[in-house]
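Participant: There's a structure below that I have some questions on.
Just so it is clear, none of the values below were taken in a lab; they were calculated from the coordinates. The model shown is predicted, which means the values in this text are computed figures rather than measured ones. Positions of Cβ are backbone-derived with ideal geometry, glycine not excepted, and every protein chain shown enters the neighbour counts.
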Amino acid sequence: MGRLCIERVMAFSRSGANFCCVRGLVNWVDIRVRSKAATTGRGDLAFRTAYQIFVAFWSIMFVEGAIRKWIAPGIGVPIQVFRDMLPAAILLLLLQSRVRTPVPPRALLLALIGYLLFGALSAFISGFSYPFLVPILGLRTHFAYIPLIVAFPAFFRSTESLVSAGEKIAIISMPIALLCLYQTTQPTASWVNIYATGESSNAVFGNQNLVRAAGTFSYITGMAQFAVLVFAVSLASVIAVKHRGQRLIFVAGLLAAVVSGIATGSRGPILAMVVILVGVLWLMVRFYRPLFTRFRRLVAWLVIGGTAVAGYAAAQFDAMYERITVVGGDTGGRTLGAIFGWLDAIITHPVGFGLGAGHQQASRFLGGEAGFSLGAEEELTRIALELGFFGFLAFAASRLIFFWQLYRITMATRQLDLRMIAAAATMLFAANITGGLYTPIANAMLWGLSGLYSQYEISASARRGQVCNENCVLRETVFSNAWRS
């Protein structure tokens with residue numbers, strides 16, 4: 001099958017249309033075919049093992065809190081250490097496999113290298129002022145998930161693979177959303193509302209004092225970030241897919257994401273969902289009219305489902321509305337602090353306190369309780385206090401370059417389904433561009449999204465300057481058949 005596909009592409013390339021682009025595609029497909037054909041080879045075994053570890057990593061990420069809170073409370077640190085070592089194991093196995101992963105652009109590599117160098121220097125500085133475990137915590141927080149830049153494009157080589165992964169995430173989110181609703185109705189001292197530390201939740205919202213749900217995650221922030229991830233994945237996929245059964249799954253995923261976000265009592269995920277929705281709708285109206293037509297056909301389903309969910313979870317919706325409108329008097333100040341607080345930090349502390357000092361767990365190594373030992377809660381401010389002036393600039397440069405790369409590929413990709421996924425990934429990255437470092441699921445998600453550019457690059461480079469005609473259909477057929485062969 002793979003050889004037949006290559007012969008078809010070669011026949012197309014001899015027609016004189018876009019020979020260089022098709023030749024590069026043929027070389028890439030040939031690598032994929034040979035790597036999939038040698039099923040007994042060391043490379044394929046390494047690739048399959050890497051993928052299994054990748055699945056295990058995200059499975060642990062989704063249920064780690066449940067394990068730490070309800071199943072085995074005493075293994076909190078070991079399970080976190082084990083989880084954070086898995087991305088490095090994935091990278092080592094991928095280097096041994098026969099799958100070629102596209103190399104990031106030079107500007108992105110330079111920003112990433114600068115971030116790594118200044119991070120290592122900051123860890124060295126932290127070692128003079130804090131116990132040894134604090135810089136170790138900082139290195140883990142900043143760099144443990146960088147291998148996901150390579151893992152995502154290696155494992156998600158087609159639109160179908162991305163949609164399939166999104167479908168699994170949407171299905172997982174549904175029982176978690178029900179658990180979140182249940183947690184909000186239980187007392188703060190209930191066993192379902194304890195944190196990973198064993199302490200009872202004391203965070204409530206609304207006149208009814210509903211408990212802010214953490215779901216299967218250790219803390220509320222992890223649940224909130226998971227809700228945002230599910231929202232973006234479901235929004236992109238519900239528009240990209242054509243099968244009605246899959247659309248129903250993703251509609252349910254969208255509703256589950258909204259319910260989970262509201263149940264956390266956190267305004268951040270609601271704002272992030274609004275940013276993602278508005279950004280995707282604007283991109284569709286401005287550039288992708290056929291996709292917007294698809295979205296309009298789904299509005300009725302979303303309205304019906306949303307009305308049913310709002311009726312079932314009326315107390316949670318009312319509590320969140322109250323939190324936003326009545327208790328939200330500090331929202332503007334906190335938002336400005338989250339965006340611009342780093343300026344004051346790099347001016348007053350240009351060298352920085354060292355890597356790990358801004359983590360909320362750093363104070364535990366100093367004999368105190370978990371908290372914000374540097375006096376700042378906003379993530380950008382804490383990062384600036386850790387890294388200092390030049391380190392923060394390197395960090396910010398890497399984030400901005402990653403975002404620009406995703407946006408550029410979103411604009412260049414002409415295949416509608418992949419374009420929708422690229423647009424949602426870009427807006428998800430934009431909604432979290434100022435934070436996510438200290439929350440493991442958000443941290444891993446941002447590094448993974450940063451790596452997805454290469455999948456879009458493969459598609460966009462084959463279409464730049466062309467009309468999406470039979471060449472696009474031929475390329476997608478070759479792509480799918482080569483992957484399945």
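Participant: List every residue whose amide H lies under 5 Å from the amide H of Val204, counting only residues 5 or more places away in sequence or on a different chain, with H placed 1.01 Å from N in the peptide plane.
Facilitator: The list, which skips near neighbours in sequence, is Arg212.
Participant: On to the next question. For a label point 7 Å from the Cα of Gln361 along Cα→C-beta, name the residues of segment 142-161 whose backbone N is under 20 Å from it.
Facilitator: 142-148, by backbone N distance to the label point.
Participant: Between beta-carbons, use under 13 Å as the cut-off and find the net charge around Tyr438, counting Lys and Arg +1, Asp and Glu -1.
Facilitator: -2
Participant: Can you work out the Karplus-derived ³J(HN,Hα) for every residue in segment 123-133? Use 6.51 cos²θ - 1.76 cosθ + 1.60 with θ = phi - 60°, whole Hz, and x for glycine or proline.
Facilitator: So the Karplus estimates, Gly and Pro as x, are 5, 5, 5, 4, x, 7, 10, 10, x, 4, 6 Hz.
Participant: Using 0.36 nm per residue of separation minus the Cα-Cα distance, give me the extension gain between Ile71 and Leu302 in nm, one decimal.
Facilitator: Once the chain is fully extended between Ile71 and Leu302, it gains 79.5 nm.
Participant: Under 5 Å between amide hydrogens, which residues at least 5 positions from Arg157 or on another chain qualify, with H placed 1.01 Å from N in the peptide plane?
Facilitator: For Arg157, whose amide H was placed from the backbone, there are no distant partners under 5 Å.
Participant: Under the definition of Cα pairs under 8 Å and six or more residues apart, what whole-number percent is the relative contact order of segment 74-159?
Facilitator: RCO, segment 74-159: 49 percent.
Participant: If I model a spin label at His243 and Met85 as a point 7 Å from the Cα along the Cα→Cβ vector, what separation in nanometres do I get?
Facilitator: Placing both labels 7 Å along Cα→Cβ, they lie 3.8 nm apart.
Participant: Tell me the label-point distance for the pair Gln52, Phe292, using the 7 Å Cα-to-Cβ offset, in nm and rounded to one decimal.
Facilitator: In this crude spin-label approximation the distance works out to 4.8 nm.
Participant: Roughly how many whole Å is it from the C-alpha centroid of segment 177-251 to that of segment 105-121?
Facilitator: Cα centres, segment 177-251 to segment 105-121: 35 Å.
Participant: In addition: Determine ³J(HN,Hα), in whole Hz, for all residues of segment 394-407 in sequence, where each value follows from phi through the Karplus function 6.51 cos²θ - 1.76 cosθ + 1.60 and θ = phi - 60°; x replaces Gly and Pro.
Facilitator: Along segment 394-407, the couplings run 5, 4, 5, 4, 5, 5, 5, 5, 4, 5, 4, 5, 4, 5 Hz.
Participant: For the pair Gln186/Ile171, report the inter-label distance in nm, with labels modelled 7 Å from Cα in the Cβ direction.
Facilitator: About 2.6 nm, to one decimal.
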